[in-house]
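Got a structure for you, questions after.
The values are calculated or read from the model by the stated rules, or taken from the named source; none is laboratory data. Worth saying up front: this structure is predicted, and the values here are computed from it rather than measured. FYI the Cβ positions are ideal-geometry reconstructions off the backbone, even for glycines, and counts take in every protein chain you see.
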Amino acid sequence: MNPSRVPVGQVTGSSRAPLGDLTGTITPSDLHFERHHAGVPALDASTHRLLIHGLVERPTEFSVEEIRRLPQVTRTYFIECSGNGRAPFKDPKPNLTAQAVAGMTSNTEWTGVPLATLFREVGVKDEAQWFLAEGADACRMTRSVPVAKGWEDAMIVWAQNGEPLRPAQGYPLRLLLPGWEGNISMKWLRRLELGTEPWMTRWETSVYTDPLLGGKARQFSFVQDAKSIITSPSHPDVINARGWRPISGLAWSGRGRIARVEVSTDGGTTWHDAELSGTPQPKAHVRFQYMWKWEGEEATLLSRATDETGYVQPTRSQLIAVRGAGTDYHFNAIAGWRVQRDGAVFYHGTT
Amino acid sequence: MRRDLITVVLLLAGTACGGAGSGTSARAGSTVPATFERYDAGAVAGGPGAGTRYAFGRQPSDSLLGAWDTDVGKNGAELPPGKGSVAQGATLYAASCASCHGLGGVGGISPNPALVGRDSSAEGFRFADDPKLVKTIGNYWPYATTIFDYVKRAMPHANPGSLTNDEVYALTAYLLSANGIVPDSATLDAAALREVKMPYRDRFVPDERKGGAEVK
């Protein structure tokens, strides 16, 4: 039997990046969140191929080595699953950790080729409006992507953080669509077909669509809007010393750079500008910090991100008001942590 | 696998040495634009020239295209020959699908989704109003051709790709019948499947979020 069609390990499910234990902005490769729908296939890079066909001048089959021989670029981008934050949105229990609340985002220095380079190599025709990306996993996962994104900033990557892609991250080739919901950055990429319309695959119809009030569902909701999360302090930390400490966390936006992060220590009554560490990069995590002097009082710590389009991270009540309590995917509500007088820290998600 | 890892290291090392040797590494960062729309891989330092292809790769064989290009889009234009009945599908479902998706498709072991259900409380596409409503093929999926495409490529979970076209038509017919979309007596082939309209197809709307101050 073809080993790529035998799902291995835990075939469905997810593992989250332990955000509460990490510093800086790069997610160590082996701690990158994982979300599999049909296991991790065992692929051999020496025989793996990428087929590009459909509305192109020159249908072409590339080996992995040939793709690695094209001029390379290295960029840092986050990938966030659009289901990130579903459990705390639906049921904001106090014992949730930063890993459980927001751990399905990870930030990586990716190396590969611009998809635009391959589009020019094969001669994508003007009438092509969408392309189908297909993985070589057991379910041959497929998603439809607008061609414009392929020209803009899409990449075919084969390395993360200076080493080959981890098998769980798509070895040997992954489509990377910066700022978009993680599922569409197709792992184990084997085929791109250029066409005129979306294919309406299972994943973009029955799964990654967002029910809205009024009996509707938002489809092709690709972009991950601005979001932030305080990672320290966070549950299950217990603050055991009064005095100064940083409130530190991560912010990101699928629409570009983070422009501002504010922190509140009184549950959102007053807000203060946090410091951003380094220059924010488009569609990448940036770390923020705000120095806080804790005197033993009860406090509710929140963070609020604004991106360069002027979009301000909303509260959970705002999202429920515009989308409904039963909406799904793209959960980017303001959230944070309640600090008790005894220093114990618990999740606070009812914003 | 191990030999391949070594190959990767050698390739990356070779590229880095080439870049330094040609004296372009200091400018490399500034040559990569914010977007790739105007990025020309032929024009990079040391490259073959603007607008010039590297011309890697080879034309795919008809057998490769035939084996891989099996996707079925929303209009069903690519649907293959073959046919299957609801009754044949019911037998297949019980043998190959019920262990994960439950008897009658009403849901089995999590996270395998429920496939069948037209519970009146979930009709009307009110999913945003009530988090407890369960999505099924009948009350949510916009296109019937998606069932054929996904069952053919991905099912059954432990042996994906093993079903014949006749079997996939039969399972599609059974799932549509169990969801009240086609009659119990139906037999589906390419032409019949293309004619099936799902009840809530028109409820899907484009994404109108676009950044800026408004929360949507």
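State whether the residues of region B:182-204 include one that is surrounded by 16 or more Cβ atoms within 10 Å (Cβ to Cβ), under 18 Å from B:D71 (Cβ atoms) and of a type in the set (S, T, N, Q).
no
Right, something else. Here is a list of conditions, (1) more than 27 Å from A:L19 (Cα to Cα); (2) more than 13 Å from chain B (Cβ to nearest Cβ); (3) among the charged types (D, E, K, R), and A:K93 meets all of them except one; can you say which number that is?
(1)
Here is a follow-up. Can you work out which of the residues in region B:43-68 that are hydrophobic (A, V, I, L, M, F, W, C) and more than 29 Å from B:P160 (Cα to Cα) is farthest from the other protein chains (Cβ to nearest Cβ)? Can you show your working first?
Pass one, region B:43-68, residues hydrophobic (A, V, I, L, M, F, W, C): B:43-45, B:50, B:55-56, B:64-65, B:67-68.
Restricting the remaining residues to those that are more than 29 Å from B:P160 (Cα to Cα) gives B:43-45, B:50, B:55-56.
Values: B:A43: 9, B:V44: 5, B:A45: 9, B:A50: 11, B:A55: 7, B:F56: 4 Å.
Checked region B:43-68; the qualifying residue farthest from the other protein chains (Cβ to nearest Cβ) is B:A50.
With among the acidic types (D, E) and not assigned by TED's automatic domain parsing to the domain that holds A:H32 as the only criterion, which of A:D237, A:D153 stands out? Before the answer, list the steps.
On the way: A:D153 fails: not assigned by TED's automatic domain parsing to the domain that holds A:H32.
Every option except A:D237 fails the conditions.
When region A:119-131 is examined, which residues are found to be outside any loop (DSSP other than H, G, I, E, B) and either of a type in the set (D, E) or outside the structural domain of A:T205 (by TED's automatic domain parsing) (or both)?
Across region A:119-131, the qualifying residue is only A:E121.
Is it the case that A:A226 is crowded, with 24+ Cβ neighbours inside 10 Å and hydrophobic (A, V, I, L, M, F, W, C)?
When the stated conditions are applied, A:A226 passes them.
Modelled with pLDDT under 90, at the interface with chain A (Cβ under 8 Å from one of its Cβ atoms) and surrounded by 13 or more Cβ atoms within 10 Å (Cβ to Cβ): is that true of B:D71 in this structure?
Taking the combined requirement at face value, the residue does not satisfy it.
A quick yes/no check of all residues on (1) surrounded by 20 or more Cβ atoms within 10 Å (Cβ to Cβ); (2) in a strand (DSSP E or B):
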{"site": "A:D30", "(1), (2)": "no, no"}
{"site": "A:S46", "(1), (2)": "no, no"}
{"site": "A:L50", "(1), (2)": "yes, yes"}
{"site": "A:H53", "(1), (2)": "yes, yes"}
{"site": "A:E65", "(1), (2)": "no, no"}
{"site": "A:P71", "(1), (2)": "yes, no"}
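If you don't mind, there's one more thing I want to ask. Scanning region A:50-75 for residues that are more than 7 Å from chain B (Cβ to nearest Cβ) and of a type in the set (S, T, N, Q), which turns out nearest to A:G112 (Cα to Cα)?
By that ranking, first place goes to A:T74.
Further question on the same structure: Looking at A:E181, A:E193, which one is acidic (D, E) and touching a Leu at 6+ places or on another chain (Cβ under 6 Å)?
A:E193
Pick out the one residue from A:G296, A:G336, A:G343, A:G278 that is under 20 Å from the mean Cα position of the chain (by Cα) and more than 13 Å from A:W252 (Cα to Cα).
Values: A:G296 fails: under 20 Å from the mean Cα position of the chain (by Cα); A:G343 fails: under 20 Å from the mean Cα position of the chain (by Cα); A:G278 fails: under 20 Å from the mean Cα position of the chain (by Cα).
After applying the criteria, what remains is A:G336.
Moving on. Within the bounds of region A:126-140, is there any residue that is in contact (Cβ under 8 Å) with a residue 40 or more places away in the chain and on the phi > 0 side of the Ramachandran plot? I'd like the intermediate steps shown before the answer.
Within region A:126-140, the first condition is being in contact (Cβ under 8 Å) with a residue 40 or more places away in the chain, and the residues that meet it are A:127-139.
Filter again for on the phi > 0 side of the Ramachandran plot, leaving none.
No; the residues of region A:126-140 include none that is in contact (Cβ under 8 Å) with a residue 40 or more places away in the chain and on the phi > 0 side of the Ramachandran plot.
Results for (1) under 30 Å from B:Y143 (Cα atoms); (2) in contact with an Asp or Glu (Cβ under 7 Å, 6 or more places away or on another chain); (3) not assigned by TED's automatic domain parsing to the domain that holds A:D153, shown as yes or no for each residue.
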{"residue": "A:W203", "(1), (2), (3)": "yes, no, no"}
{"residue": "A:R242", "(1), (2), (3)": "no, yes, yes"}
{"residue": "A:T265", "(1), (2), (3)": "no, no, yes"}
{"residue": "A:L276", "(1), (2), (3)": "no, no, yes"}
{"residue": "A:P280", "(1), (2), (3)": "no, no, yes"}
{"residue": "A:F288", "(1), (2), (3)": "no, yes, yes"}
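Another question, if that's okay. Output the number of the condition that A:T279 fails; it satisfies all remaining conditions of (1) part of a loop (DSSP other than H, G, I, E, B); (2) surrounded by fewer than 24 Cβ atoms within 10 Å (Cβ to Cβ); (3) in contact (Cβ under 8 Å) with a residue 40 or more places away in the chain.
Only one criterion in (1) part of a loop (DSSP other than H, G, I, E, B); (2) surrounded by fewer than 24 Cβ atoms within 10 Å (Cβ to Cβ); (3) in contact (Cβ under 8 Å) with a residue 40 or more places away in the chain is unmet by A:T279, namely (3).
Continuing with the same structure: If I go through region A:258-276 residue by residue, how many of them are more than 14 Å from every other protein chain (Cβ to nearest Cβ) and not in a loop (DSSP other than H, G, I, E, B)?
9
Do any strands (runs of 3 or more DSSP E) lying entirely in region A:132-227 carry at least 2 residues that are charged (D, E, K, R) and within 11 Å of chain B (Cβ to nearest Cβ), and which ones are they?
The strands (runs of 3 or more DSSP E) meeting that bar are A:189-195, A:216-219.
Answer yes or no as to whether B:R209 is within 30 Å of A:G310 (Cα to Cα), assigned to a loop (DSSP other than H, G, I, E, B) and facing chain A (nearest Cβ under 8 Å).
Answer is yes for this residue.
Can you pull out every residue in region B:114-129 that is in a helix (DSSP H, G or I) and either in contact (Cβ under 8 Å) with a residue 24 or more places away in the chain or surrounded by fewer than 17 Cβ atoms within 10 Å (Cβ to Cβ) (or both)?
B:S120, B:S121
If you don't mind, there's one more thing I want to ask. In region A:316-333, what residues are polar (S, T, N, Q), more than 9 Å from every other protein chain (Cβ to nearest Cβ) and over 19 Å from the mean Cα position of the chain (by Cα)?
Selection gives A:S317 alone.
Scanning region B:130-155 for residues that are surrounded by fewer than 19 Cβ atoms within 10 Å (Cβ to Cβ) and more than 7 Å from chain A (Cβ to nearest Cβ), which turns out nearest to A:T327 (Cα to Cα)?
B:K132
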